[in-house]
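To start, the structure under review is shown below, and the notes come after it.
The values are calculated or read from the model by the stated rules, or taken from the named source; none is laboratory data. Keep in mind it's a predicted model, so treat the numbers as computed, not measured. When we count neighbours, we look across all protein chains shown, and the Cβ atoms used for this are built from the backbone with ideal geometry, even at glycine. For accessibility, only protein heavy atoms count, side chains too; no ligands or nucleic acids. Shrake-Rupley method; radii C 1.70, N 1.55, O 1.52, S 1.80 Å.
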Amino acid sequence: MKNEHHFEADVIIIGAGPSGSIAAAQLCQKGYDVVVLEKQHFPRFSIGESLLPQCMSFIESSGMLPAVEEANFQFKNGAAFRLGDQYTEFDFTEKFSPGWGTTFQVQRGKFDHILAQQAEQCGARMFYGHEITAVNTGNEPTLLVSTDQGDSHTAKAKFILDASGFGRVLPRFLDLESPSSFPVRQSLFTHIEDNIQEGLERNKILITVHPQHRDVWYWLIPFSNGRCSVGVVATPEFLSQRSGGPAEKLKQLCQEDASLNALLTNSVWDTQVQEIQGYSCDVSTLWGEGFALLGNAGEFLDPVFSSGVTIAMKSASLAVPVLDKQLRGEDVCWESEYAIPLKRGVDTFRTFVEAWYDGRFQDVIFSRNQSPSIRAMISSILAGYAWDLDNPYVKDSERRLNVLVETCRQAV
Ligand code: FAD
């Protein structure tokens, strides 16, 4: 142990991803002393580049909108889906729910750095290269912190928000992990110089379904600088049947779809292909004495509808008012004021993710027989408005979706 230091604050936030920075900014705006402990140095790579319009309202209410708008990220107004020669587009401005209809496709290194800098400008004390390595629980939980300079510190606060994403600090140390309802899936991804001249709507994420395997899908997320994020999602068993390393597998799989292959003909693959597996996760509780879990530190479903950053920001925006009340000495119920409202939207996404992988939702979106009003309701969910109970496909997702699936299948 080289050096000892003790952090104390009203609130300590573990991790400076989107959920951590949004929570930090909003708490500082309410006058709290906030320390953010982040193990990496920013900017750092993160996967998850396609935002949903719903998250713009959290960026706006945290006072971060001008900085995000100035960053020259790729404008985004929808999502496009392809299966063989079937193609469909959702324009998020033509949606049922009120609110933002556009957003951005972002390089997360730069985006997360901007949010963290904005939180710092609001007064958050940010410490990079500070990793939480252990947790002592009790009335006032204490964190043990190791820096990449070899120093060790302790950190104590009136309340801890765990925004550590896949680091899952408190779920691991407090034994809160519980299995996800989704099977293990794996993703291979990279960034490319795309050199795509035509055939791609750059202001939409393109989701392509594998021509033979409907549970295997690719994303193509164009950026504003002529580059794209490209990735594939499949089961580990499926990917293990392909030869070569991650780069060969990803390229080979992209070649198996004719339209994707044509789009990527002139692309330059200049960046290492990365892989991540078993990312779907859950917890037994989203809160406890002196702490709450935000974003991916709680539950993570699946990347298919780009819901991760939106859920992360929503969790921060729900947690801050509850924590504010608690710190002002009022009675709060974290279950009814935080966990249940957050899960409502997560469960909407869950219904649609399950229906994506078993093919029901694919039958809906590729159906030619759709009423504009229903399409607007579906567009709302794809735009991230999964908490809007005025939308029948949110309020009664499973039943409504199944009726729609039947109608679309009968029309075929
Ligand atoms: P994170 O963004 O993961 O931030 C957590 C931070 O905590 C990190 O900076 C990390 O360094 C830090 N940390 C971790 N451990 C510690 C520790 N011990 N001590 C201190 N700091 C620590 N979402 C989308 O919205 N759109 C997409 O297109 C999308 N695509 C995805 C594709 C794939 C393959 C996967 C797996 C996920 C995707 N996601 C997507 C999900 C998205 O990446 C996450 O949901 C989102 O980043 C969660 O934000 P967060 O703030 O909870 O955590």
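Tell me yes or no: at least one residue of the range 91-109 is open to solvent by less than 20 Å² (accessible area, probe 1.4 Å) and away from the ligand (no atom under 16 Å from the Cβ).
yes
For the structure I just gave you, tell me whether LEU260 is crowded, with 17+ Cβ neighbours inside 10 Å and not assigned by TED's automatic domain parsing to the domain that holds ALA9.
yes
Could you list, in sequence order, all residues of the range 114-132 that are open to solvent by 10 Å² or more (accessible area, probe 1.4 Å) and assigned to a loop (DSSP other than H, G, I, E, B)?
Across the range 114-132, the qualifying residues are CYS122, GLY123.
Take the residues of the range 51-61 that are open to solvent by less than 20 Å² (accessible area, probe 1.4 Å) and either without any contact (Cβ under 8 Å) to a residue 60 or more places away in the chain or out of contact with any helix residue (DSSP H, G or I) (no Cβ under 8 Å at 6 or more places or on another chain) (or both): which is nearest to TYR385 (Cα to Cα)?
PRO53
Taking the range 152-184 only, how many residues are open to solvent by 20 Å² or more (accessible area, probe 1.4 Å), within 9 Å of the ligand (Cβ to nearest atom), closer than 30 Å to ASP358 by Cβ and part of a loop (DSSP other than H, G, I, E, B)?
The number of residues fulfilling the criteria is 0.
Which ones in the range 80-90 are open to solvent by 10 Å² or more (accessible area, probe 1.4 Å) and at negative phi?
Correct list: ARG82, LEU83, ASP85, GLN86, TYR87, THR88, GLU89.
Please find, within the range 230-274, the residue that is farthest from the chain's Cα centre (by Cα) out of those that are of a type in the set (Ser, Thr, Tyr) and over 16 Å from GLN197 (Cα atoms).
SER243
Name the single residue, out of those in the range 27-44 being touching a Cys at 6+ places or on another chain (Cβ under 8 Å) and open to solvent by 10 Å² or more (accessible area, probe 1.4 Å), that is nearest to the ligand (Cβ to nearest atom).
Among those residues, the one meeting the criterion is CYS28.
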